[in-house]
Amino acid sequence: MSHHEPRGGIWPLLPLTSGSSHTSSRLPAGLLLVCLELFPQTVSINKAINTQEVAVKEKHARTCILGTHHEKGAQTFWSVVNRLPLSSNAVLCWKFCHVFHKLLRDGHPNVLKDSLRYRNELSDMSRMWGHLSEGYGQLCSIYLKLLRTKMEYHTKNPRFPGNLQMSDRQLDEAGESDVNNFFQLTVEMFDYLECELNLFQTVFNSLDMSRSVSVTAAGQCRLAPLIQVILDCSHLYDYTVKLLFKLHSCLPADTLQGHRDRFMEQFTKLKDLFYRSSNLQYFKRLIQIPQLPENPPNFLRASALSEHISPVVVIPAEASSPDSEPVLEKDDLMDMDASQQNLFDNKFDDIFGSSFSSDPFNFNSQNGVNKDEKDHLIERLYREISGLKAQLENMKTESQRVVLQLKGHVSELEAELAEQQHLRQQAADDCEFLRAELDELRRQREDTEKAQRSLSEIERKAQANEQRYSKLKEKYSELVQNHADLLRKNAEVTKQVSMARQAQVDLEREKKELEDSLERISDQGQRKTQEQLEVLESLKQELATSQRELQVLQGSLETSAQSEANWAAQFAEVEKERDSLVSGAAHREEELSALRKELQDTQLKLASTEESMCQLAKDQRKMLLVGSRKAAEQVIQDALNQLEEPPLISCAGSADHLLSTVTSISSCIEQLEKSWSQYLACPEDISGLLHSITLLAHLTSDAIAHGATTCLRAPPEPADSLTEACKQYGRETLAYLASLEEEGSLENANSTAMRNCLSKIKAIGEELLPRGLDIKQEELGDLVDKEMAATSAAIETATARIEEMLSKSRAGDTGVKLEVNERILGCCTSLMQAIQVLIVASKDLQREIVESGRGTASPKEFYAKNSRWTEGLISASKAVGWGATVMVDAADLVVQGRGKFEELMVCSHEIAASTAQLVAASKVKADKDSPNLAQLQQASRGVNQATAGVVASTISGKSQIEETDNMDFSSMTLTQIKRQEMDSQVRVLELENELQKERQKLGELRKKHYELAGVAEGWEEGKLTPRMGTNPQQGGEAVWPGPSPRME
């Protein structure tokens, strides 16, 4: 390679030491010029790519970029980079990627061509760094993949410059007006943008965003390359939108579904990353990051392209450099004064040789001067050189002395600097602590505001619920009124039916009387006819006898004329009497026919009246049945419609109420089937059927309401199953009631589907039953008394133990320790006495609650009926007894010197919390004006004061004992004090770390405790709110699941 070639990569790296072989002669002029031109670029590359975890300085990167334009390539860059240990230092590799990215964007176009030969090395290095999962390993691996993708993209698409800045016309020319080229170009842009976003996301994931990382040197080292990524992403996003609109104008929408899905995913990521970057302090002074629109472009609407605004990234001119140092450092100064220029010339002569007679290229010194003059000149120069050497030695001695003085001064300045840094670190720590306190106060204020908003929202919901309840109450009153009207109509219809029956009975009685009279008349007529027939027969016989006698008399007629006349008169009289009898018989026959006709008319009228009365009674019964069924369907339909309404969300419900309602429904269905069978057998008996239908409707409405409110406290899957089962049961009930409209056989009204739905609801309800206390209901009353007695016994035992410990301490301890022990144990005794008073007041209040609320039932039955409240009392009593025992154990260890004062304070807080739980569980059902309640509250305040006394005495005793253990610094040296100080700082850091871990552990324990308590009490999973808000006046039960949070 010629020494005049500026693109060689070896001359900038020539050794420039005085001991090299080049000191005896001058370099060629052209080669020297090339070295001087490339020397600043080499220095800047080495300064830009170093192992310090700070951001690359803009001045060094700018020098590297200008060097590529000066030499029209990147040979010098790669010749320097190839000597760096990129595979052994992750920070060095990361800064190399940053500088190389800048060169690809803003360097000479030949940078890409000169870098293509190193693609495989970059891929191997990326795979190597990918094996490291911490630190800069993954960052370097992803950045190298991005650089490889960028090189390949610009190689495939040479029309795109390194900085991706193109006009719309150039973008159209890049696709060559071919839709296939645009399609492939869009896919490549998606891949390119995916690599950019991957690096973006990985850098943010590697930073602790909870701290101000953007103001630290390490954070700026990781964030600095993202400026190049933001510039690339803005252009790629703009070109992708324009290409997609162009593709949608040429291709069907279904073909581009994959492109739209991929764009939507990248749009969401890019929008989030731009938003997060714009909030970092580091970027605010270096770059103005654009904000993407709220909604992505609608590619299916061609006119939406006019609404698209290209994102523009602005880099302020005054903030182009991230460092605040001047552009030139002391070793890079170019404007030197005369003395500095002379010193540089002497140094150059020492390195590259003299510029006079020893220079073989100085032809002027060889022409026109004879040899003798040369010898004299050489001797003179030798003498000058000797004098200069003596002066140089003197200067070296003086410079060494000055250097020693400067080193001493530097040491002093370094000590002052270390002290100032220490003070600055302390000030920074104080500032961080105050900032943390300020953040905590802000969070508390936000929590308070949220609580106030939540309270107002709860009040609003409560008002809405009250309005809803009033409407439901009015609706229920209307339904009750309708039901009463139906019952009155039923009574009237029943009365009319009874009157019709009475009329029917009267008609039947009259009919029977008429039949009897008719029968008597018929008998009389028959008897008279028989008599007349008998008379007629006798007359006929007499006539025959008379004829015979006449024949006999005719024989003797001649004998007596007077006798014949007598006989003729007698015969005429008999004939007359016979005619009268025949006419009387005919008249009787006419009367009998009239009576029979009248009887038939009466029977027809009676039958018609009976039929009309039966039809009227049947219609009225059917009307009552239809009205009752419609009212029942309306009640059930209203319950189904209200199943999804928001006002039900704040209502209380439980699985045991739901199960009791299901049991009542099962009994009601059996009674309904029995009433339906009786109705089919005897349609007149409808009262039992109407009552069963109405009862079924109201019980079904209650079951649906209880199911909806039970779902609010259940886990998601059982809640969904229960909601669906309630809906299915409501629909089956409506279908069953609809089947009652048809007067058919019993098979038409089949309740099997209803019973199946009820069985499913019952199974889900049994799964949702609380699993806290597996105690029989009848044993709860005895268990409450036992637990209260056990708590009293535990308090008495604790008091006795404290007295025993106080006696031992007085016998064995003296001085400050005895004073501290007496004060602490005395406060513990006062606390136990206050707890004893509170337990007595709680017993009195519970006795008053039981006596006022049980009515005619026994106390055990009252406790069994209010099982949730009873379980809360049992849990609170156990917590108080357990806390007293633990506190006595902690006090015993403190007195013996083997315990911690903090344990005693924590136990005091736990006892106060447990007693507060007992007070809350005791007064939830009490009357607010009860004197026992006031006494209980007074006792609770006494417990709080006693707890405060225990904590105060513990803190005072701890401070007194710590004052006696002060260290003696009189015999310690400075080094020992410094070592003790470092040990203390290490111990402080260890304790802070342990404190943070213990707080996290405490949070997890509390979370697990409330989860277990929620499972035991049947709460909805993920909601740890105790059900203490139920109104006891409405029959609700209050439950407190376990120890309340500590009052810290």
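Just to be sure before I move on: is residue 588 at pLDDT 75 or above and surrounded by 12 or more Cβ atoms within 10 Å (Cβ to Cβ) in the structure I sent?
It is true that residue 588 is at pLDDT 75 or above and surrounded by 12 or more Cβ atoms within 10 Å (Cβ to Cβ).
Name the residue that is nearest to residue 884 (Cα to Cα), counting only residues in the range 909-949 that are touching a Pro at 6+ places or on another chain (Cβ under 8 Å) and open to solvent by less than 20 Å² (accessible area, probe 1.4 Å).
Selected residue: 914.
Quick check on my filter: what residues within the range 384-431 are open to solvent by 90 Å² or more (accessible area, probe 1.4 Å), closer than 30 Å to residue 985 by Cα and of a type in the set (Asp, Glu)?
412, 414, 416, 419, 430
Could you say which residue among 538, 454 is at pLDDT below 75, part of a helix (DSSP H, G or I) and over 28 Å from residue 614 (Cβ atoms)?
Answer to the check: 538.
Which condition from (1) touching a helix residue (DSSP H, G or I) at 6+ places or on another chain (Cβ under 6 Å); (2) over 19 Å from residue 269 (Cα atoms); (3) among the β-branched types (Val, Ile, Thr) is the one that residue 314 breaks?
(1)
Only residues that are among the β-branched types (Val, Ile, Thr) and within 21 Å of residue 624 (Cβ to Cβ): list them for the range 468-507, please.
Those that are among the β-branched types (Val, Ile, Thr) and within 21 Å of residue 624 (Cβ to Cβ): 480, 493, 494, 497.
Any idea which of 155, 186, 149 is open to solvent by 40 Å² or more (accessible area, probe 1.4 Å), at pLDDT 90 or above and either at negative phi or of a type outside the set (D, E, K, R) (or both)?
Residue meeting the stated conditions: 155.
Answer with yes or no whether residue 484 is open to solvent by less than 70 Å² (accessible area, probe 1.4 Å), modelled with pLDDT under 75 and out of contact with any Phe, Trp or Tyr (no Cβ under 8 Å at 6 or more places or on another chain).
no
Return a yes/no flag: does the range 363-375 have any residue that is surrounded by fewer than 12 Cβ atoms within 10 Å (Cβ to Cβ), farther than 30 Å from residue 252 by Cβ and either modelled with pLDDT of 85 or more or in contact with a Ser or Thr (Cβ under 7 Å, 6 or more places away or on another chain) (or both).
No, the range 363-375 contains no residue that is surrounded by fewer than 12 Cβ atoms within 10 Å (Cβ to Cβ), farther than 30 Å from residue 252 by Cβ and either modelled with pLDDT of 85 or more or in contact with a Ser or Thr (Cβ under 7 Å, 6 or more places away or on another chain) (or both).
When you check residue 938 against the structure, is it modelled with pLDDT of 80 or more, on the phi < 0 side of the Ramachandran plot and not hydrophobic (A, V, I, L, M, F, W, C), yes or no?
So residue 938 passes the test.
Just to be sure I understand, how many residues within the range 268-282 are surrounded by fewer than 20 Cβ atoms within 10 Å (Cβ to Cβ) and in a helix (DSSP H, G or I)?
Residues flagged as surrounded by fewer than 20 Cβ atoms within 10 Å (Cβ to Cβ) and in a helix (DSSP H, G or I) within the range 268-282 amount to 8.
With the condition kept exactly as written, say whether any residue in the range 687-710 is in contact with a His (Cβ under 8 Å, 6 or more places away or on another chain) and modelled with pLDDT of 80 or more.
yes
Give me the pairs, please: first residue somewhere in the range 110-137 and without any contact (Cβ under 8 Å) to a residue 60 or more places away in the chain, second residue anywhere and loosely packed, with under 15 Cβ neighbours inside 10 Å, beta-carbon distance under 8 Å, and either six or more positions apart or on two chains.
Pairs that qualify, where the first residue is without any contact (Cβ under 8 Å) to a residue 60 or more places away in the chain and the partner is loosely packed, with under 15 Cβ neighbours inside 10 Å, are 110/72; 112/155; 116/155; 125/87; 128/87; 137/131.
Picking from 278, 249, 234, which residue would you name as being hydroxyl-bearing (Ser, Thr, Tyr) and touching a Pro at 6+ places or on another chain (Cβ under 7 Å)?
Selected residue: 234, the only one of 278, 249, 234 that is hydroxyl-bearing (Ser, Thr, Tyr) and touching a Pro at 6+ places or on another chain (Cβ under 7 Å).
Tell me whether the range 49-57 contains one or more residues that are under 19 Å from residue 103 (Cα atoms), touching a helix residue (DSSP H, G or I) at 6+ places or on another chain (Cβ under 7 Å) and either part of a helix (DSSP H, G or I) or at pLDDT below 50 (or both).
Among the residues of the range 49-57, not one is under 19 Å from residue 103 (Cα atoms), touching a helix residue (DSSP H, G or I) at 6+ places or on another chain (Cβ under 7 Å) and either part of a helix (DSSP H, G or I) or at pLDDT below 50 (or both), which makes the answer no.
Just to be sure before I move on: is residue 768 crowded, with 20+ Cβ neighbours inside 10 Å, closer than 13 Å to residue 659 by Cβ and modelled with pLDDT under 85 in the structure I sent?
Spelling it out, residue 768 is indeed crowded, with 20+ Cβ neighbours inside 10 Å, closer than 13 Å to residue 659 by Cβ and modelled with pLDDT under 85.
Residue-wise test of (1) crowded, with 19+ Cβ neighbours inside 10 Å; (2) polar (S, T, N, Q); (3) without any contact (Cβ under 8 Å) to a residue 60 or more places away in the chain.
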site: 657; (1), (2), (3): yes, no, yes
site: 662; (1), (2), (3): yes, no, no
site: 666; (1), (2), (3): no, yes, no
site: 676; (1), (2), (3): yes, no, no
site: 683; (1), (2), (3): no, no, no
site: 687; (1), (2), (3): no, yes, no
site: 691; (1), (2), (3): no, no, yes
site: 708; (1), (2), (3): yes, no, no
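Just checking, which of 449, 459, 492 is without any contact (Cβ under 8 Å) to a residue 40 or more places away in the chain and surrounded by 11 or more Cβ atoms within 10 Å (Cβ to Cβ)?
Matching residue, one of 449, 459, 492: 492.
The values are calculated or read from the model by the stated rules, or taken from the named source; none is laboratory data. What you are looking at is a predicted structure, and each value in this text was computed from that prediction instead of being measured. So basically every Cβ, Gly included, is an ideal-geometry build from the backbone, and we count neighbours across all protein chains shown. In case anyone asks, the SASA skips ligands and DNA or RNA and just uses the protein heavy atoms, side chains included. Shrake-Rupley method; radii C 1.70, N 1.55, O 1.52, S 1.80 Å.
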